[in-house]
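The values are calculated or read from the model by the stated rules, or taken from the named source; none is laboratory data. These numbers come from a predicted model, not from an experiment. As a convention, Cβ positions derive from the backbone with ideal geometry for all residues, glycine included, and neighbour counts pool all protein chains shown. Only protein heavy atoms, including side chains, enter the accessible area calculation; ligands, DNA and RNA are left aside. Shrake-Rupley method; radii C 1.70, N 1.55, O 1.52, S 1.80 Å.
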Amino acid sequence: MEDKFEKNFKITLLVLLAIITVSFVYIAYCITMGFSEISMKLFELNGTLINLLGG
C-alpha cells in the first residue's frame, strides 16, 4: 500500500516538474520574442478565429 502511494507521489512530482519547466521555457520565450510580437500574433489568431466562426 505504501509502495503504491510512493509511486503515485513520484509521478505527481514529475508532472509538476514538467509543468514548471514548460512554464519557465514559455516565459523565457516570451521575453526573448518580445511581448508585443506575441500579443500581435494572438490578436491575429483571435481575428482569424472570429472570421472563421462568423462567416
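Quick notes on this one:
- Seen against the Cα atoms of the chain and their longest principal axis, helix 2-33 is set at about 30 degrees.
- Charged side chains reduced to their Cβ positions (Lys and Arg at +1, Asp and Glu at -1) give the chain a dipole of some 40 debye around its Cα centre.
- 222 nm mean residue ellipticity, helices alone, for the chain (DSSP H n ≥ 4; -39,500 (n - 2.57); rounded to 500): -33500 deg cm²/dmol
- Take the chain with all the other protein chains still there, run a 1.4 Å probe, and you get 98 Å² of accessible area per residue.
- Rounded percent of accessible protein surface that carbon and sulfur make up, the chain, 1.4 Å probe: 74
- Rounded to the nearest 10 degrees, the inclination of helix 35-54 to the longest alpha-carbon principal axis of the chain is 70 degrees.
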